[in-house]
Amino acid sequence: MMEICYGMAPGGVRLFSGPNYSGRVVQLKVGYYPASFLAQIGILPEGIAAVAVDQGYELVLSSAGKQVGQIDRDSSSWAWAPFDYFRVTYRKK
């Protein structure tokens, strides 16, 4: 259904601006992104309140070239940590 409605295949990571998966949502596919990219697509890094991670995917946060966070499961109340870059990866099991 998502592919039909939005032109995107399901799978990846979704970031929400509200707690408990509410508010504005953006879906990210596998890739490497600067934190500034989020503002361009409608959500500020410090405005992320919840994260939904599809099975097999993970979100890795980096700051000054060092990993500062890794999320591989849903979090309905994500605590924001400063980051410069993030990447979405798929870990085939």
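For L44 and Y90, a Förster radius of 22 Å and the Cβ-Cβ distance give a FRET efficiency of 0.30, rounded to the nearest 0.05. Packing, taken as the mean count of other beta carbons within 10 Å per residue, orders the peptides 83-89, 68-74 from highest to lowest as 83-89, 68-74. With Rg and the Kirkwood Rh both taken from Cα atoms, where does Rg over Rh land for region 29-77? Ratio of gyration radius to Kirkwood radius: 0.94.
Annotation: amide H of W78 within the under-5 Å range of A50, V51, sequence separation 5 or more or interchain, hydrogens built in the peptide plane. Derived scalar couplings between HN and Hα for region 67-84 equal 5, 10, x, 8, 10, 10, 8, 4, 9, 7, 9, 6, 8, 5, 10, x, 8, 9 Hz in order, rounded to whole Hz, by the Karplus curve 6.51 cos²θ - 1.76 cosθ + 1.60 (θ = phi - 60°), x for Gly and Pro. Note on W80 and Y32: the extension gain reaches 15.4 nm, defined as 0.36 nm multiplied by sequence separation minus the Cα-Cα distance. Here is the tail figure for the chain: Cα pairs spaced more than 23 Å apart come to 16 percent of all pairs. Ranking S17, S36 from most to least accessible surface, computed with a 1.4 Å probe over the protein chains only, gives S36, S17.
Only DSSP H runs of four or more residues enter the estimate; each adds -39500 (n - 2.57), and after division by the residues of the chain the mean residue ellipticity at 222 nm equals -2000 deg cm²/dmol. The gain in end-to-end length when the Q70 to R14 segment is fully stretched comes to 18.7 nm, 0.36 nm per residue minus the alpha carbon separation.
The values are calculated or read from the model by the stated rules, or taken from the named source; none is laboratory data. Remember, it's a predicted structure, so these values are computed and weren't measured experimentally. Note that each Cβ is placed from the backbone with ideal geometry, even for glycine, and that neighbours are counted across all protein chains shown. Remember, those area values only see protein heavy atoms, side chains included, never the ligands or the DNA or RNA. Shrake-Rupley method; radii C 1.70, N 1.55, O 1.52, S 1.80 Å.
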